[in-house]
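Here is the structure we will look at.
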Amino acid sequence: MQKTSFFKIFMTKLKTDPIPDWSATLAYYFMLSIFPLLIFILALIPYFQFDLDTVYSFINDYIPEGLADTLSTTILQVISEPQGGLVSFGVLATIWSASNGVNALIRAVNRSYNTEETRNFIKLRLLSILLTIAMIIVIVVTLLLPVFGHVIIETLETYFSLPHETANVLNRLRWIIGIGLMTFVLMILYRVAPNIPLTFKQVIVGAVTATVGWQIISLLFSSYVSNFGNYTATYGSLGGVIILMLWFFLTGLILVIGGEINATLFQQKHQSTNNQMKPK
């Protein structure tokens, strides 16, 4: 029997699997977790040597206008002085709400592999929480390292006696570190999320695709919103929320597609193995 091509299997999955529905579910859960995450991040700022003008410049330069206006209204109240209670609340609320999104991604990946979930609730929830923590670290590092990387490295150099040569290397590699860390965490996610045994080799293609795709989609979407999408004038204060939901949907879409790519490669290899085992 002739081996089915990757493209044919992948296109069949795109047609039969409800990928937009899965992406919308992920976007909803991500939306629930973004505000406690922002509270957590902003509550950490007073503990570092961040210049407030740099923070505002980052928000205005790297976040679409409608969303930047929405976020800026609460920043002065949060970053003026350290607030340990906000840090604790932000961590707990973010982990719990975002873990629901990771749970939804696990269900989507399982369906991509056509497998049923048999792990118990506690094990699945702990797995979701651990993956959520890893994803939060990745998102924070990926978004903040290119902009605030030099400040973070200077802080590490001051408080942990980081060698100056090491600090210079990290400063040059901060973009690569963010992308590499995201790829590594996505490899872990795609390996442990499905309820079947997988190796890192079997998920690296989907992880790299999702990482590169997320970077490209975020860049293109940000450019589109900044130059062509006049959401603020059309929808007023709701423009920022609409922009955020669209970006979350695209993020969920690329994560699901990464899992679909891995599932397609797995199915193709499994089909090839079965064909070889059949008697001629």
Q | Residue count for region 174-190, restricted to those that are in contact (Cβ under 8 Å) with a residue 12 or more places away in the chain and more than 13 Å from M135 (Cα to Cα) | A | 3
**Q.** Answer residue from region 93-144, given it is hydroxyl-bearing (S, T, Y) and touching a residue at least 40 places away in the same chain (Cβ under 8 Å) and is nearest to I257 (Cα to Cα) among those
**A.** S112
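Only the coordinates and a few stated rules stand behind these numbers; no lab work does. None of these values were measured; they are calculated from a predicted model. Cβ: placed from backbone, ideal geometry, glycine included. Neighbour counts: every protein chain shown.
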